[in-house]
Amino acid sequence: SIAAVGVHGSEQRPLTEADWNESPATPYAVAKTAAERLAWSIAEREGLDVVAVIPSTIIGPGFHRHTPVTTFFDVVLSGWLPFALPAETSYVDARDLADAQIAAYEAESAHGRYIASGACYSLRELVGFIAQAAPGVRVPRVVLPIRLLPPLIAADWLANKLLKTPRQLTPEVFEEFAGKRTICSAARAERELGWRARPTDESVAHTVEWLRTRFPR
């Protein structure tokens, strides 16, 4: 997972395979980072030939169940998302990720880590792609300022306690993602594996089409 690489990359200095998340905050990022470090440690100790394909946020059609990201898509398609959160991340189609894994497996020269990722977009831009794929759906036009997020964290906590809804916006999520840009480089996978990511707007459109078929309203 790109969570093991980091969450803060810029256009001038995108995240690469040389980077590690040195201060993960969410349980997910902590677990992914620890797991990959352990895998490399075991590989070195046992002399194993290990290759890691590291995806950014995975979208696309064909999942056998909802994921946190496709659940977000579903909320947007319902028309009930009042605003977009101030975060930017990179996306990769599940089909392209599978292609990267196959390419890394079949290339005898493949070694080390390979980031599989497309371009970075804000959540506001992402919901714009969803609107293009689903004309007529009401999508948020406003990005919530970071200073207004703490009350939402408190409301999320209260909903969890009273309604038993899963936590979505924890202090750790705020610390890890709010205001960050997860810009990463897939140059190594492109150069050594001949891999390419499809356009994100195309992947978003296919995700929407799959959702409407798999989970019709």
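The values are calculated or read from the model by the stated rules, or taken from the named source; none is laboratory data. Keep in mind that this is a model prediction, so the values were computed, not measured. Cβ placement follows ideal geometry from the backbone for every residue including glycine, while neighbour counts extend to all protein chains displayed. To get the accessible areas, we keep the full protein, side chains included, count just its heavy atoms, and leave off ligands, DNA and RNA. Shrake-Rupley method; radii C 1.70, N 1.55, O 1.52, S 1.80 Å.
At 222 nm, what helix-only mean residue ellipticity would the chain give, in deg cm²/dmol to the nearest 500, using -39500 (n - 2.57) for each DSSP H run of four or more?
Working: 8 runs with 99 residues, N = 217.
Rounded to the nearest 500, it is -14500 deg cm²/dmol.
Could you please state how large a percent of the accessible area of the chain is carbon and sulfur, counting protein chains only and using a 1.4 Å probe? Don't skip to the answer; put the middle values down first.
On the way: 7030 of 12040 Å².
After summing per-atom areas, the C and S share lands at 58 percent.
Suppose R0 equals 30 Å. What FRET efficiency, 1/(1 + (r/R0)^6) with r the Cβ-Cβ distance, do residue 110 and residue 143 give to the nearest 0.05?
0.15
Rounded to the nearest 20 debye, what is the charge dipole size of the range 1-150 about its Cα centre when +1 sits on each Lys and Arg Cβ and -1 on each Asp and Glu Cβ?
820 debye
Per residue, what volume in Å³ does the convex hull of the Cα atoms of the range 60-143 enclose?
111 Å³
What distance in nm separates the two pseudo spin-label positions at residue 161 and residue 202, each 7 Å out from Cα along the beta-carbon direction?
Going by the 7 Å Cα→Cβ label model, 4.9 nm.
For the chain, with every protein chain kept in place, what is the accessible area per residue (1.4 Å probe, Å²)?
The answer is 55 Å² per residue.
I'd like to know how the chain sits against the 2.2 N^0.38 Å rule of thumb: what's its Cα Rg over that expected value?
1.07
Can you give me the P(r) profile for the range 50-105? Cα pairs, bins 5 angstrom wide beginning at 0, each as a whole percent.
4, 16, 21, 22, 17, 10, 5, 4, 1
Please compute the length gained on full extension between residue 35 and residue 75, using 0.36 nm multiplied by the number of residues separating them and subtracting their Cα-Cα distance.
Gain on extension, residue 35 to residue 75, equals 11.3 nm.
Taking every DSSP beta bridge with both residues inside the chain, roughly what % is antiparallel (nearest 5)?
If I count the DSSP bridges inside the chain, around 20 percent turn out antiparallel.
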